[in-house]
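The values are calculated or read from the model by the stated rules, or taken from the named source; none is laboratory data. All values reported here derive from a predicted model rather than from experimental measurement. Cβ coordinates were reconstructed from backbone atoms using ideal geometry, including for glycine residues, and neighbour counts include every protein chain displayed. We work out accessible area using only protein heavy atoms, side chains counted, and drop any ligands, DNA or RNA first. Shrake-Rupley method; radii C 1.70, N 1.55, O 1.52, S 1.80 Å.
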Protein chains: 4
Amino acid sequence: MTTLDGIVGLQPESLDRSDPEGVIALLARACSNTGRWGADDALGTLNHIDEETRAVAAGLVRRGRAFSLSLPFDANGPQNGWRRRTNPVHTMLDTGIDAERGIQGFPHGLGGADDVVAMPLQCSTQWDGLGHIFDHGIAYNGRRAGDVVTSAGDQVTGIETAAAHIAGRGVLLDVGRLLGDDDHGTGGELPDGFAITTDHLHACIEQQGPTARIGRGDVVLVRTGRLARARREGWGQYAGGPAPGLSITTAGWLHRSDIAAIATDTWGFEVRPNEFDDAFQPLHQVVIPHVGLYVGEMWDLDALAADCAEDGVFDFWLTAAPIPFTGAVGAPVNPLAVK
Amino acid sequence: MTTLDGIVGLQPESLDRSDPEGVIALLARACSNTGRWGADDALGTLNHIDEETRAVAAGLVRRGRAFSLSLPFDANGPQNGWRRRTNPVHTMLDTGIDAERGIQGFPHGLGGADDVVAMPLQCSTQWDGLGHIFDHGIAYNGRRAGDVVTSAGDQVTGIETAAAHIAGRGVLLDVGRLLGDDDHGTGGELPDGFAITTDHLHACIEQQGPTARIGRGDVVLVRTGRLARARREGWGQYAGGPAPGLSITTAGWLHRSDIAAIATDTWGFEVRPNEFDDAFQPLHQVVIPHVGLYVGEMWDLDALAADCAEDGVFDFWLTAAPIPFTGAVGAPVNPLAVK
Amino acid sequence: MTTLDGIVGLQPESLDRSDPEGVIALLARACSNTGRWGADDALGTLNHIDEETRAVAAGLVRRGRAFSLSLPFDANGPQNGWRRRTNPVHTMLDTGIDAERGIQGFPHGLGGADDVVAMPLQCSTQWDGLGHIFDHGIAYNGRRAGDVVTSAGDQVTGIETAAAHIAGRGVLLDVGRLLGDDDHGTGGELPDGFAITTDHLHACIEQQGPTARIGRGDVVLVRTGRLARARREGWGQYAGGPAPGLSITTAGWLHRSDIAAIATDTWGFEVRPNEFDDAFQPLHQVVIPHVGLYVGEMWDLDALAADCAEDGVFDFWLTAAPIPFTGAVGAPVNPLAVK
Amino acid sequence: MTTLDGIVGLQPESLDRSDPEGVIALLARACSNTGRWGADDALGTLNHIDEETRAVAAGLVRRGRAFSLSLPFDANGPQNGWRRRTNPVHTMLDTGIDAERGIQGFPHGLGGADDVVAMPLQCSTQWDGLGHIFDHGIAYNGRRAGDVVTSAGDQVTGIETAAAHIAGRGVLLDVGRLLGDDDHGTGGELPDGFAITTDHLHACIEQQGPTARIGRGDVVLVRTGRLARARREGWGQYAGGPAPGLSITTAGWLHRSDIAAIATDTWGFEVRPNEFDDAFQPLHQVVIPHVGLYVGEMWDLDALAADCAEDGVFDFWLTAAPIPFTGAVGAPVNPLAVK
């Protein structure tokens, strides 16, 4: 049986695969930020970003080169309808063809196009809000889940609370490049089911050098190469299926490192299949309600990673402000890394 | 009759109010960027931002304070259904109440919430893309409107082309504070129908001082106070109705100044009613297809403006990366100003 | 205080306007169909339609003239965004203009148009399902509301259960024509706040004659003229505002008459403002969870009513099969009356 | 080469598989209803239903048993995202769980649930409208496609024009039962690619007897068994993939028979792959713009067919009134057959 003593330094090989509930409970106790920023706090780990860390981070801009870390949002996206998650359906209210035909009824030669979209908020590049995941009916900061997220949305930790916060230092940990297979020249791809451990993270930081050290308030971007593979092979089960990702055993590191957020190039950030006999996203269950950690998913890290590999600099100025849908438990974002 | 000679320095009082089509045509010729960046160009004035201007702009971050310039996206927004533009309809796929009741079918105490949205892409804080407006069936860079925007979306200048570009220097021109009425302590509000001229812009720059000078690649934010009034009085006709805004006569300045983009706190950026007897958004018709100018609308500039007024610094780092909906002619954005 | 003794024959003038909760409770007891069709029943009053009543009803077709009782579903509909209820947003995926321009990529001259819609299920002509309204957390047939309608929809009484049932005898009671003002030649219009009582219904049946007698399994259509007024004056508060409609005191009649369903030409079927000092749709609270009554709203009865007035025949063959959205608590319907 | 002489009685074996455009052109000439009901006509073959045929059809109701011919509309439907066609996304605005928890803010114990949907109009059981398909840029009745269907929808033949018409005699032709394989006890299933010819239709009518004779104004329902197979095997490529269906050579019969409409249990009514080397839905291209034929797709005919097989009666009363979305080129319908 796993015990609280060993839980923070837990190694995958010591994990009791038959006891997800027990392990989650121990990790939750060991990694709890409940109450850390007061009973009213709604920001969780975003509290780690302050004006000082942000001002320092802006100094990381050297060349002025910007990288969008967002996938395109369109009907060719990764979703397959699982859990009512479709790809965005983008349709036109008016088009240039209509305009050119002169049927729009505007004066003096004006023509216009306009459009609408219907989509799940977590269909593509996105932040999980703190109301996205609960542990035994408990949401972030010890609140009852039903007091937080009703049919009217997240009444407390809605994504709009994060609107002005996520700008600071970003650090890329390119585990895919370090440990993955690069047969296809995509910069390295970890296989599905590969659990990235704390040791792997440390090795990656070590190998990448001083610009990859992690500090308080950082947004850590872990590249697995899973998206690169999807680009080669087609989406398949990219959204909702097997993937490399963080091991449940990294919960302690995610907590102790005082990072502001983590994001990966996979749909679910943690390894799938999960590291228990019967489980579904156990690391979410620890880090969202207990650590209060912002988690980014389906971020496109490949172009940024290629650039980092080339210049050997792994930190940068990152803005990743979600569209502030009131009460949303997740939201699309176009993260911008500037080096 | 207005002639090409006088068109660039055109003053409102010289405007032939009965001839929108003629004035638009002259301004279009005088302010054209067609072909300026090559026949294949899809970026328009975003070309004015380069890595150098961006790197310099990062130096504007001093305190590290961040301001979100986005309105909340929700059902209480400004839209009233005009032109099929509704407010975002945000609904939950799963909630905390469901989770707490234990009916979600997940193992080991996991619970989750998830959500969807249906909305027009220009319902709230947004960028107009270059495919949003046409002049006599012609889109940006001389293309036929119908070759650019079909029912499948914008095939050439879709908003995704801007995904990695809009990060650089922002400058606030607080015309509302300079010329508006501040009876309500909102920082100054211009009345509906107030046409902001080039002279007004110059006066504002002069009054605000060196940090307000405008240079190539800047994103200029013009605060009118219209949003402040809507916050006091209710949305009313905020979206689609009368408003203060830029005069058609600023087209020359918008072109010559080599700015990357302009944004305001109104729904349509230009003055409404327009400055012709019968017209609809004539300045759009000049600056989008001919100048190739990115235009931001419904940006919330009030908190930023209060801060600028206090410290007397009117420039800052700005990221305003739209969600890259493939083929969209406009898109939601959460612009982040960092001082 | 109102008591159970008098509750069934309750007259509006005896109503204790300060005690909605008490009156509702008494009516609920007096009019309960809970358990009437077994503990598993999900159909409520639709049980009153059987094959025999349906076969007889088909005999009401004489001339073969069909009337659609549906409003058009479009952006010009009655909704104003209240409670996130927008009008349908209908957009095109492909158009004839695209087809004519030859850009669709189909072979041999084929062209096509296709479309999508986003809408609340109760935005226009519709059935309320039995999961639409609860009384103190109790749904139809004594079930806990939370066991019936979750974020995944109505698990028990979803509108799909009604898919094959609603075809039978329809009877129009044109109270608007009998008691309303016909200054505008619309066939009579009751004023907002007009409470239609059991006496009014009886008088209407009496006046209209034998074809207006009500029997088991009938679908009763009560015309108030409110829609005719909206057509004259604009929608205004048609959806969600004041209206003529059934008095809370008709609950007993609605129960005892063994009708299968009732529908009106108003948004909410019962009189608004409601007949208590502080109340919201108290008759719904009685008839949906306790009677299990199907309620139709925003039906367009005007053309049918004009025809009935002309030929003096008030019953007809009616089919009103909702679109069977799985788990929906209401659904659009195009009811067809055939005389 | 196929010629006009032979085109009406065209047999599959005589088809020039390399010349879809030529064959379509000949069939279009031979089967044209252009102008038949006047230049302004928007109803096409629905003109074949009149009050007399409708009144007679009502006499077909004998037992009073009703069959819904609609699939459930939900996320588990046949669509896979092809051509931006998703399954309906149905979400709740309010739920019974919220109501039971007492957080809805209504007085006197009232609770409610409400819902929204986003969906393509042709995602499930549906009618194709006359604006759905064009031939070389020409829509029904000789109109230019771009004059009919713009970004604002179908301006002429929108589905709302059909709102009050489709009620009359329905006839089931169970070709799947006659010619299909019934190894699975589903009532017979034709294989994909099986082209149902005029001879097959005649044989089916002959075999089914007098109640299966086809007359003017009938709605003909052709069962292939393809849906029964999808129910056994999963949707797979049911929507958009291979299927049994009507041969292009039935165009003449569809025209001459003066039927009001045809519907099948497949996604596209005609055989797939089509009967040419390179083609896409050529029979649509003939019957929609030239015959003006209403085509129903993805109708669930299995329960009705089992009943017809049992009692040997193949005609019945049918109402199939589409939801009248203004300007729609197709619409969901819950067809009701009553025997």
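Select, from B:54, B:84, the only residue that is facing chain A (nearest Cβ under 7 Å) and at pLDDT below 95.
On the way: B:54 fails: at pLDDT below 95.
The match here is B:84.
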Residue D:109 vs (1) more than 30 Å from residue C:280 (Cα to Cα); (2) of a type in the set (Gly, Ala, Ser); (3) buried (at least 19 other Cβ atoms within 10 Å of the Cβ): all pass except (1)
Conditions (1) at the interface with another protein chain (Cβ under 7 Å from one of its Cβ atoms); (2) over 30 Å from residue A:308 (Cβ atoms); (3) open to solvent by 10 Å² or more (accessible area, probe 1.4 Å); (4) without any contact (Cβ under 8 Å) to a residue 40 or more places away in the chain -> residue A:147 fails only (1)
By residue number, the members of the range D:57-74 that are of a type in the set (A, V, I, L, M, F, W, C) and either at pLDDT below 95 or out of contact with any helix residue (DSSP H, G or I) (no Cβ under 7 Å at 6 or more places or on another chain) (or both) are D:57, D:60, D:71, D:73
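Yes/no per residue for (1) among the hydroxyl-bearing types (Ser, Thr, Tyr); (2) touching a Ser or Thr at 6+ places or on another chain (Cβ under 7 Å); (3) part of a helix (DSSP H, G or I); (4) more than 24 Å from residue C:286 (Cβ to Cβ):
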position: C:165; (1), (2), (3), (4): no, no, no, no
position: C:177; (1), (2), (3), (4): no, no, yes, yes
position: C:192; (1), (2), (3), (4): no, no, no, no
position: C:266; (1), (2), (3), (4): yes, yes, no, no
Condition test on residue D:115, is it more than 30 Å from residue C:60 (Cβ to Cβ), acidic (Asp, Glu), in contact with a His (Cβ under 9 Å, 6 or more places away or on another chain) and open to solvent by less than 30 Å² (accessible area, probe 1.4 Å)?
yes
* For residue B:98, state whether it is open to solvent by less than 30 Å² (accessible area, probe 1.4 Å), more than 20 Å from the chain's Cα centre (by Cα) and more than 7 Å from chain A (Cβ to nearest Cβ). => yes
Counting only residues that are aliphatic (A, V, I, L, M) and facing chain B (nearest Cβ under 8 Å), the range A:61-70 contains a total of 2
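Does residue D:46 satisfy being open to solvent by less than 30 Å² (accessible area, probe 1.4 Å), at pLDDT 95 or above, within 14 Å of chain C (Cβ to nearest Cβ) and out of contact with any Ser or Thr (no Cβ under 6 Å at 6 or more places or on another chain)?
Details: open to solvent by less than 30 Å² (accessible area, probe 1.4 Å): yes; at pLDDT 95 or above: yes; within 14 Å of chain C (Cβ to nearest Cβ): yes; out of contact with any Ser or Thr (no Cβ under 6 Å at 6 or more places or on another chain): yes.
When the stated conditions are applied, residue D:46 passes them.
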* Taking residue A:22, is it free of Cβ contacts under 8 Å to residues at least 12 places away in the same chain, over 20 Å from residue A:320 (Cβ atoms) and assigned by TED's automatic domain parsing to the domain that holds residue A:313? -> no
Over the range A:270-323, the set of residues open to solvent by 20 Å² or more (accessible area, probe 1.4 Å) and under 14 Å from the mean Cα position of the chain (by Cα) is A:300
By residue number, the members of the range A:125-134 that are facing chain B (nearest Cβ under 9 Å) and either out of contact with any strand residue (DSSP E or B) (no Cβ under 7 Å at 6 or more places or on another chain) or open to solvent by less than 10 Å² (accessible area, probe 1.4 Å) (or both) are A:125, A:129, A:131, A:134
Of the candidates C:138, C:103, the one satisfying the condition of being outside the structural domain of residue C:69 (by TED's automatic domain parsing) and open to solvent by 20 Å² or more (accessible area, probe 1.4 Å) is C:103
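Residue by residue, here is whether (1) open to solvent by less than 10 Å² (accessible area, probe 1.4 Å); (2) within 14 Å of chain A (Cβ to nearest Cβ); (3) modelled with pLDDT of 95 or more holds:
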| site | (1), (2), (3) |
| --- | --- |
| B:219 | yes, yes, yes |
| B:227 | yes, no, yes |
| B:241 | yes, no, yes |
| B:253 | no, no, yes |
| B:260 | yes, yes, yes |
If we keep only residues of the range A:51-76 that are under 20 Å from the mean Cα position of the chain (by Cα) and open to solvent by 10 Å² or more (accessible area, probe 1.4 Å), then the residue farthest from residue A:335 (Cα to Cα) is A:74
Only unsatisfied item for residue B:181, checking (1) open to solvent by 40 Å² or more (accessible area, probe 1.4 Å); (2) at the interface with chain A (Cβ under 10 Å from one of its Cβ atoms); (3) touching a Pro at 6+ places or on another chain (Cβ under 8 Å), is (2)
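For the range B:204-240, what are the residues that are of a type in the set (A, V, I, L, M), closer than 23 Å to residue B:274 by Cβ and touching a Leu at 6+ places or on another chain (Cβ under 7 Å)?
Our first condition is that a residue be of a type in the set (A, V, I, L, M); within the range B:204-240, this holds for B:205, B:212, B:214, B:219-222, B:227-228, B:230, B:239.
Going one step further and asking which of them are closer than 23 Å to residue B:274 by Cβ, we end up with B:220-222, B:227-228, B:230, B:239.
Scanning the range B:204-240 gives B:220, B:221, B:222.
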Restricted to the range C:22-35 and to residues being out of contact with any Gly (no Cβ under 8 Å at 6 or more places or on another chain) and either crowded, with 20+ Cβ neighbours inside 10 Å or within 21 Å of residue C:128 (Cα to Cα) (or both), the residue farthest from the other protein chains (Cβ to nearest Cβ) is C:32
From the option list A:152, A:162, single residue qualifying as touching a residue at least 40 places away in the same chain (Cβ under 8 Å), buried (at least 24 other Cβ atoms within 10 Å of the Cβ), among the hydrophobic types (A, V, I, L, M, F, W, C) and over 20 Å from residue A:300 (Cα atoms) is A:162
